[in-house]
Each structure stands twice: as structure tokens, then as C-alpha cells.
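Below you'll find the structure, written out as C-alpha cells, and then a few comments.
The values are calculated or read from the model by the stated rules, or taken from the named source; none is laboratory data. Predicted, not measured: the structure shown is a model, and the values here were computed from it. Neighbour counts run over all protein chains shown; Cβ positions are idealised from the backbone, glycine included.
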Amino acid sequence: MQAELAPTHRAVAAVATEQGVLTLTVAGQLCGVPVLSVRDILGPQAITPIPLAPPEVAGGLNLRGRIVTAVDLRRRLGLAAREAGASPPMSVVVEVGGELYALLADSVGDVLALPDIGLAPNPPTLDPLWRDVCAGIHQDVAGHAEEARLLIMLDVERVLDIG
Amino acid sequence: MDDLIADFLTETGEGLAGLDAALLRLERHPDDARTIGEIFRLIHTIKGTCGFLGLSRLEKVAHAGENVLGRYREGSLAVTSGGVSLILRVVDRVREIIAGLEATGAEPAGDDSALITELDAVFTGQAVPEDAPGASIPEVAQEVPASGSAAGRQTAEPAGEVAPGSAKTPAPAVPAGQADTPAAMAIPAAAEAAAAPAGEGVAVAQTLRVNVDVLESLMTLVSELVLTRNQLLQLSRARNDGALSGPLQRLSQITSELQEGVMKTRMQPIGNAWKGLPRLVRDLSRELGKKIELEMRGAETELDRQVLELIRDPLTHMVRNSGDHGLETPAERRAAGKPEVGMIRLNAYHEGGHIIIEVGDDGRGLAVEKIRAKVLAQGLATEQDLAGMGERDIQRFIFRAGFSTAAAVTSVSGRGVGMDVVKTNVEKIGGTIDLRSREGKGTTFLIKIPLTLAIVSALIVEAGGERFAIPQIGVVELVRAGDGVAHIKDAPVLRLRDRLLPLVSLSRLLRLDERPEAERGGFVVVTQVGQNLFGIIVDRVFDTEEIVVKPVAPILRHVTMFSGNTILGDGSVIMILDPNGIARATGVGAEGVQEEARRGAAIASSSSVERMSLLLFRAGNGAPRAVPLGLVARLEDLSGDRIEMSHGRPVVQYRGALMPLVPMNDSWMPPAAGGRQAVLVFNDGGRAMGLAVDEILDVVEETLKIENGQDRPGYLGTAVIAGRATEVIDCAWWLRQAGEDWFGGSRPAAPARLLVVEDSAFFRNMLVPVLGAAGYEVVAASSGAQALKLREAGESFDAVISDIEMPELDGLGLARAARDGGAWHTTPMIALTSRQEPEAERRGREAGFDEYVPKFDRDALLAVLRSRLAATQH
């Protein structure tokens, strides 16, 4: 299943550059990846585990004849494992260095256009593991305003820097 | 980049590749007008095109080179070795500029005035081209120390080399006619084959140039097609739809043919990887002051270009090595009675889905003693390890990391990157490397590599609930694990026919859930890596499938157990196991002490240094004990309550009979209730006897070299096994303790030398220790043909014991050949046979056997030997 990728523009005067961000949730945490780095979004897939691989690597999956290495974001971010019986994860396929990787997230949301100016640097108190993979934090993300939720921008290359 | 420049680069690249060969040919035949013309035209074309494209630096260099070549062509200047060197430097410079152009799209900055001045000086007749060693490093000429040229003069040097350093100080003009002694130090015999004769005019174009990317993407598409085809086949098998299967069959066939066709486009003659070698050898020969001839055979042998690229560097390195380390200087060669010109031979040919490449020289060979000393100095093995190793095993140490035998580090082969790098690179592409060397005669390296890496046939197996692919190429056979699996401590082993196979549990190795019953209910994939044979235990085996090898993602590169991954017919992703990686991870394939060519390879002529599987165990205090595994029928771990006492002796009911137990240590007590007793069971015919030991330790493959001088009943002596002093038990003595004389008794007065010819390694393993224990010196051969080779090698024996039924040359044939004359025509020959018919015996005697002994009757054999040898000794 393909999610809608069309960006929903914010009706804000363009004072600064904007970045299209695909939102996804990992164990309740709202995260984002630059939409330009996303190649595909897949529903639940058959994933072949790869023995001896780093624990973050969930396995390999077949994307139209190409082999995609799946990275479990929960494990990558040091979050609790998926509960038994929970719905299987979605795959956000990104391309890094000519290779395809699937980031496994619990759910995938909209694509938002977020101004670069709204990107706050990582707070120094952030968990070192997260500091390593976060490119910054967006505040007051649209659609989530009532809860003033924070969106963690993932640095895809750093997320995939495993092992 | 400009299309024009791109075309120019391609064309020039092709031209330059042929140019080296042409120049070397010119050096050999300085008056070959056609070759001069060819070279001239090429440089001329480069110059012309450069002018057109505005590549001024390149144009100037080419122009100056063309001038000199022009004089050669007219004949107004004689071609000298130094001249050729100069032109080679022009070619190098052109290449350098082209490389820069290719990388950046513009001419790299650089100063060519020195080279151009030199060329102009030659052109105007002011200077004689100087013979610069290492033509690829132009500036070196000015730094050559005096000793360098002095050494050079010892060998026949061209008149062209007059004054070292003349590039700076213009030498007085020498009339061109004087410098006409061609120095053909490197004679590229096969250079002709490598170079396309450009001088033969424009042939009708049967080929066209296709970008490699196009071929690559075609290959990818075909790979996908193969996968889709596999998927369809799988679906149709499930549906059993007749209407579908017909067209599907055709599709399948066409796909296979297409795959073959596309593979063919990727095939390139190996000669492409050899193109640079004549030049390399020429430079080498000048640099080292050696005369080297390069012979290349089978240059047309084709292999996948991907493999070709990967093998290019190792080959270059090996040729360099042969020239540098392998071949002697002309003086040394003369002294050794060899022709002055050393040969480096390259040979390539196909052999069953593989390509074999041989790189050989007729040089000094590998000095076993030197290697031995070095191994000891570097602590790679102990004196004891080495004592038990054959020459070839010691020579194979050169494949170990950091090993370099050249006494002096030369600029040619350098240090550090040695044969170990070559070996690693060859193994990386699923190949193997081995060597043959005789001191004083030369060394030949053999590389065996797969033809292609892209699509391979693989066995699909399951372990721990996951499926994996094992490339068929390494799979020797598939056996059901069953009861053959035994444990020595925790290590599983499989008794497979004649030998004990180390086993690796795939699920344990990959840390997957292990089914406890998997070892017995599963399968063993017998795998060969290099010379090592081992078994991989898997839970299930599916079928074989053609798989398209795809590299694993970079983040998984450190997992060495997999060589890639692929997609199966059912669309699922599957990991491809790398037998090399598994062998390395488990220590099975460690190069060195443990390694031994067992399979197929004969163990001829290695009698007392023959390796055998030894069972190590502990009994009582002191050193571990050892017994040849071939003598042990089974290892049992008996429950203590099964042991009963009969007439004061322990016995157990074993397989429907009473088996006497012989405790190995005097203070042995039956195990306490609930305890267990480790027992080595010896078996023969209907009789069985158990040796009660404390603990079974290990099975090792070692050379059994017993140090004598210990006179303890029950022990043959001490041997160093697995680095520890170990007592080797005298089976015969222990078995006698069970009340029966199994191995025959008394030892002959003088040790006689016996040859055992037996194709079954199992019986060899039985016989060699039995006869050895009886005091004979035993040599084993695995076939009649091999036995005859020993005869040709001048080996002599007091008696020959031979099996009758053997492949190649059977026992009867061997007997006839032995009786036919030659050194063995009076040697007593004893036939071992399992067929005891008078007719068979008559034929045996007719063929020349003196005695006929049933195969399993040790006593009879020993008795016959005693009487026969007594008869001949008197």
C-alpha cells in the first residue's frame, strides 16, 4: 500500500525555506525524515531475519526485485520492543549511498512542509543515542498543535550508521 | 565531458594498450618496418587528434615522440633499447595525461620539457637515447647510482648505455649507426598475440563498442528475469495447470538461453588481464638485471569481466614475484646449468565450470629450509609442527600473512603485501590457490576461480527455521546425519565412510534456535574449502535453485558468514552462505598445521609422516593418551549400572553380546550408581572389546611421530600431538588384556619396509597402524598407478601388500606391471581380498601375487609377512 506523498503546504507566508518532512511514529514518538530521501512506503512485509547482523537490523525484504535491508527504528532508538499482537510495522524505504534501506516505524503519517527556521537544535540533555541520530527538533507541528507535540528530525545517514 | 573527448579517450586507450606490446616487439626486431609504422601511426593519430581537440600538452609530447619515431621509420636512426625505453616513457606520459583528462575532463598540469628536450636531442642526433632502468619512472635515470650501471654491465648491455646521467649533460654526438646493438633482455614471446595488428588495415567491423553500463544493466535485467521465471515455475508447480506449463517451459528455456547469451557478452579473454605483463616483465628484467622470457598460453580463455578485473592485480603481483623472487640472475642460472634466460609461464584453461590459471617459473623454487627457518623465527609454527609436515605444507606457509622469503627487500616486490594478499583476493571471489615447487626447478602457482559470480546454482537449506543458500560449487555431497553423528566433548563429528568429518551446526553458528534433535534428524552438507572438508549440519534440505548473487548492504559487510543475498522463486529474501567464511569462523580452514589434503589426494610416500586422525583421551594421571581413530569402532558413554563383573573382570552387554571392558588405569573402579563410563570400542568381526577411559578429549588430525625410548607395556611411546606430549597406546597390548591376541604378537627383528596399496582410506588407516605396531615401516598408496609412480621414483620395498579392486589400475594390473620387469619384479606381493574364491585366487597368482590373504584377517597377514620376509632375508 502506498501512502499519499503529496505535500500539504502550510498557508504561511514563505519567510524561509521549507522542507518536506514525512512524519512517522516510533513507540509513540513523533519522528520525521526528509521526504526527498524517501523512495517508497510499504505496508507490512515479509522480512527475512539476518543472523549475526547488528540487533538494529530487522532483516532483508524484497522490494520489486531489489533487496532492501530493514532497520527497526524502535531498536535503533533504544525504545521498547513492539508488543506482541501489535500491528506489524510500516516500511519507509530510503536510499543512502545507492543502497536501499527500510526504516521500520509503527505508523506513517502525513508529509508536512516545515520551515527550516523552526528546527531547534538538540537539547544538550538529550539521550546520547538520540543526539547521535537527531538532526534537530521541530516544535508545534501542525495537526498536533493541541498537544504541542515535538517532532524529532532523523538524520537518515546517521540512523543507518550501524555497526 | 565533451563527447568528442570521451570518444578520443576510448580510442586512445585501446591504441595505447596495444602499443606496449608493439614497442617490445620492436625492441626484439629493430628492423621491423611494419611495427615501426604501426607505432608511428598511433602516436601520429594521437598528436593529430590532440591538436584538433586543443589538448596542447599532450600534443607537444606526442609531437616530440613522433619526430623520433619518424627517424626510426625512415631508417636514419637505429632503434636501440634505450630508444625504446624513451618511447615507452612517452607512452607513459601520454597515459598519465590521459588519465588526468579522464578524471577531470581537462589536461592535468605538468612539465614535460625535460622529456621533450631529451626527445628533441635524439631527434636532432645530439644525444643517444639513454637506457634508463625502470622506464615507467622517468626521473629515476638521473639518480641511478654508479653501482647500478656497473651491475648492469656484467650482463650483456646495449651499446646505447654510454653515460648514466646523460640526460643532464648532453653527451657528445655519436653517429647513429654505432648504437645498433639491440638488447633484447625481455623477450615477450606471446606479445604478438596480445596486440591487435593495427597495420592490417580496416577490417569489416564485426564488433561494436557497447558501454559497460549497458551490459551491466542487461545483466541485472536478465537476473530479474531469471528470478521471475523461478517464481512462475514455482506457482505453476503448485497449480498443476497444463495450459500454463507449456508456454512456461518455453519461457524458461528462452530465459536460460538469454542468460547464457548475456553472460557471453560479459566474457572476456583472460589475455586482457595479461596485456600489461610483457611490459612489466621487460621493465623487471632491466631493473633486476635478469633475462626473462614470458610465455603466455590460453590467453583466449574467457571469463566474466567482473572476475577478470578482480584477478588482474593478484596476477600482476604473482608475475612480479616470479621475476623478482623466483628467477635467478643469469650468472646464478649459468652456475646451476640452466639457460640464462629464465621463463615465466602463464597458462589458462577451463576445467569444469572453473578457470585454472597457472603462473610458473623455472627459477630457484621455494627453499624449504629457508621457509622452515623463517617460520620458526616468526613463531608461526613449532619445530614439532614442522617436523611432521610435508614439503608442500611448509611451502604453503608463504600464503600466511606477513610472510616474505626474499632475503632482501627489493623495490619490485616490496614487503608486506605478499602471497597472503593474493590468497585473500583469490578467496574473495570464491577461488582457491595452491602451489607446486621444486627447489632448483621452479615454482608454479595454481589459481582456480569460478567463471562467473553473477548467477550460481545453490542448494537451499533450512536451519533454525530460516532458509539459506549454499553455493553448489563447494558442496561435495549431502548425507543424512542419522546415527553417524558422534560427539567428542562438545564437538560434533560424523563418521563418513573412511574418515571423521568435523561438523559445524549451522543454527549454532548463526545463533539461531537449535532443534535438539536436529543433529540426528537433519542433514550434513559436506563442503570443501580449499583442501579442507567439513560438514554443515542443517535441519532440512530443499532443492537447488539458480540464484542471482546480490551483494549484501554495506552495513552488513562485517558479517563474514554470508557472501551475498538473493531473492528466491517465492519472492522471499534469502542469505547466501559463504563456505570460506564458515570455515574461517570455525577454524576448519585455517591455513597451516591443521590443513591437509585428504580427499582424493593420495597419501603416498609419506609413511611415517602421514597424518591421521587421532583420538585423544585421558586415563589416569599424566599426559593425555592417543590412539589412531581408524582403529576405534565406536565411542560409547555407558551408564555405570550396565557394567557387570564376570570372573572379577568388568563386562557390559553390548549389542547383544558380552563385551569385555579393559580399564586403562590400575586404580579403576566401576562408576558410582548413576555415573557414566566413557568407553572406546574396538571391533573386529563378531568380537568387541571396550577400553574404559576417564574422558574423551578430542580428535585431531596429526602426524603420528612416535619418539621411542620408552619401554612401558601398553604404550608405543610418546608423540607430540596438538602441541602436547601424548602417550600413544599400543592397541595390541591392551587388546591382549581382553584375553585375545588381536594384532599378532612378536615383532620382526629387522624393520622391513612395506608398501600398502589400498584405495579405501579406511583400510589404509586400519592397516598402516597395525603394520606399524608390528614394527614395519609402512608406506601407503591409494591406487596401483600411484604405487607405480613410487617405483618410478626409485622407492624400494621388502614387500607390497595390495588390494585387488581399485580404480584406475587394479591390484592385478599392478602385479603384472611389477612382474613385467623393473625394480620390483622380485618383491614379494601379497594380495588382500574380500573375495575368497579359488578362481579369483588363481587369477591373482597368475598376475604375479605370491600370497593371497583375506582382507580382515590381521593374524594371517602378519603371519604371511613374517614367513615371506624371513624367506627373502635369508
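In the stretch A:77-92 there is at least one residue that is closer than 17 Å to A:ASP155 by Cα and within 14 Å of another protein chain (Cβ to nearest Cβ).
Residues to consider are B:GLN206, B:GLN249, B:GLN234, B:GLN268; find the one that is touching a Lys or Arg at 6+ places or on another chain (Cβ under 7 Å) and either under 30 Å from B:ALA21 (Cα atoms) or not assigned by TED's automatic domain parsing to the domain that holds B:GLY363 (or both).
On the way: B:GLN206 fails: touching a Lys or Arg at 6+ places or on another chain (Cβ under 7 Å); B:GLN249 fails: touching a Lys or Arg at 6+ places or on another chain (Cβ under 7 Å); B:GLN234 fails: touching a Lys or Arg at 6+ places or on another chain (Cβ under 7 Å).
Of the residues listed, the single one that is touching a Lys or Arg at 6+ places or on another chain (Cβ under 7 Å) and either under 30 Å from B:ALA21 (Cα atoms) or not assigned by TED's automatic domain parsing to the domain that holds B:GLY363 (or both) is B:GLN268.
Can you work out which of the residues in the stretch B:288-305 that are over 13 Å from B:LEU277 (Cβ atoms) and among the aliphatic types (A, V, I, L, M) is surrounded by the most Cβ atoms within 10 Å (Cβ to Cβ)? Steps first, please.
As a first pass, look at the stretch B:288-305 and keep what is over 13 Å from B:LEU277 (Cβ atoms): B:288-291, B:298, B:300-305.
Still in the running and among the aliphatic types (A, V, I, L, M): B:288, B:303.
Details: B:LEU288: 19, B:LEU303: 24.
Checking each candidate, the answer is B:LEU303.
Of the residues B:ILE447, B:ILE473, B:ILE433, only one is outside any strand (DSSP E or B) and either of a type outside the set (S, T, N, Q) or within 14 Å of chain A (Cβ to nearest Cβ) (or both); which? Working first, answer last.
Working: B:ILE447 fails: outside any strand (DSSP E or B); B:ILE433 fails: outside any strand (DSSP E or B).
The match here is B:ILE473.
When you check B:ALA463 against the structure, is it over 24 Å from B:LEU680 (Cβ atoms), modelled with pLDDT of 80 or more, crowded, with 19+ Cβ neighbours inside 10 Å and within 25 Å of the chain's Cα centre (by Cα), yes or no? Spelling it out, it is not the case that B:ALA463 is over 24 Å from B:LEU680 (Cβ atoms), modelled with pLDDT of 80 or more, crowded, with 19+ Cβ neighbours inside 10 Å and within 25 Å of the chain's Cα centre (by Cα). When A:PRO123, A:PRO55, A:PRO51, A:PRO88 are checked against the criterion of being part of a loop (DSSP other than H, G, I, E, B) and either over 30 Å from B:LEU512 (Cα atoms) or hydroxyl-bearing (Ser, Thr, Tyr) (or both), a single residue qualifies: A:PRO123. Being surrounded by fewer than 18 Cβ atoms within 10 Å (Cβ to Cβ) and either facing chain B (nearest Cβ under 9 Å) or in contact with an Asp or Glu (Cβ under 6 Å, 6 or more places away or on another chain) (or both) is the filter here; which residues of the stretch A:38-48 pass it? Of everything in the stretch A:38-48, those that are surrounded by fewer than 18 Cβ atoms within 10 Å (Cβ to Cβ) and either facing chain B (nearest Cβ under 9 Å) or in contact with an Asp or Glu (Cβ under 6 Å, 6 or more places away or on another chain) (or both) turn out to be A:ARG39, A:ALA46.
Conditions tested, residue by residue: (1) assigned to a strand (DSSP E or B); (2) more than 30 Å from B:GLU216 (Cα to Cα); (3) touching a Lys or Arg at 6+ places or on another chain (Cβ under 8 Å).
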{"position": "B:LYS264", "(1), (2), (3)": "no, no, no"}
{"position": "B:VAL281", "(1), (2), (3)": "no, yes, no"}
{"position": "B:LEU284", "(1), (2), (3)": "no, yes, yes"}
{"position": "B:GLU332", "(1), (2), (3)": "no, yes, yes"}
{"position": "B:LYS338", "(1), (2), (3)": "no, yes, no"}
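Tell me, please, whether a residue that is within 27 Å of B:LEU380 (Cα to Cα), part of a helix (DSSP H, G or I) and either away from chain A (no Cβ under 14 Å) or at pLDDT 75 or above (or both) can be found in the stretch B:587-596. No - not one qualifying residue is present in the stretch B:587-596. Picking from A:ALA145, A:ALA120, A:ALA135, which residue would you name as being out of contact with any strand residue (DSSP E or B) (no Cβ under 8 Å at 6 or more places or on another chain) and either away from chain B (no Cβ under 14 Å) or at pLDDT 80 or above (or both)? Testing whether each residue is out of contact with any strand residue (DSSP E or B) (no Cβ under 8 Å at 6 or more places or on another chain) and either away from chain B (no Cβ under 14 Å) or at pLDDT 80 or above (or both) leaves just A:ALA145. Restricting attention to the stretch B:309-330, the residues being over 19 Å from B:GLY440 (Cα atoms) and part of a loop (DSSP other than H, G, I, E, B) number 0. Of all residues in the stretch B:3-31, which are outside any helix (DSSP H, G or I) and either surrounded by 16 or more Cβ atoms within 10 Å (Cβ to Cβ) or outside the structural domain of B:GLU102 (by TED's automatic domain parsing) (or both)? Passing the criteria: only B:PRO30.
Does B:ILE98 count as crowded, with 21+ Cβ neighbours inside 10 Å, at pLDDT below 85 and among the hydrophobic types (A, V, I, L, M, F, W, C)?
Values: crowded, with 21+ Cβ neighbours inside 10 Å: no; at pLDDT below 85: yes; among the hydrophobic types (A, V, I, L, M, F, W, C): yes.
No.
For the stretch B:306-319, enumerate the residues that are surrounded by fewer than 21 Cβ atoms within 10 Å (Cβ to Cβ) and touching a residue at least 60 places away in the same chain (Cβ under 8 Å). Hits for the stretch B:306-319 are B:GLN306, B:LEU310, B:ASP313, B:HIS317. Got at least one residue in the stretch A:94-110 being acidic (Asp, Glu), within 13 Å of chain B (Cβ to nearest Cβ) and surrounded by 15 or more Cβ atoms within 10 Å (Cβ to Cβ)? The answer is yes, given that some residue of the stretch A:94-110 is acidic (Asp, Glu), within 13 Å of chain B (Cβ to nearest Cβ) and surrounded by 15 or more Cβ atoms within 10 Å (Cβ to Cβ).
For beta carbons closer than 9 Å, sequence separation of 6+ or different chains, a first residue in the stretch A:114-126 that is exposed (fewer than 15 other Cβ atoms within 10 Å of the Cβ) and a second that is in a loop (DSSP other than H, G, I, E, B), the qualifying pairs are A:ASP116/A:ALA16; A:ASP116/A:THR17; A:ILE117/A:VAL15; A:ILE117/A:ALA16; A:ILE117/A:THR17; A:ALA120/A:GLN139; A:ALA120/A:LEU150. Identify, from the list B:ARG480, B:ARG497, the residue that is charged (D, E, K, R) and on the phi > 0 side of the Ramachandran plot. Going through B:ARG480, B:ARG497 in turn, just one is charged (D, E, K, R) and on the phi > 0 side of the Ramachandran plot: B:ARG497.
Return the residues of the stretch B:374-426 that are touching a His at 6+ places or on another chain (Cβ under 8 Å) and modelled with pLDDT under 75; say none if nothing qualifies. If the condition is that a residue be touching a His at 6+ places or on another chain (Cβ under 8 Å) and modelled with pLDDT under 75, then B:THR405, B:ALA406, B:SER413, B:VAL417 are the ones that fit. Considered as a group, the residues in the stretch B:533-566 that are among the basic types (Lys, Arg) and assigned to a strand (DSSP E or B) include one that is nearest to the other protein chains (Cβ to nearest Cβ), and that residue is B:LYS550.
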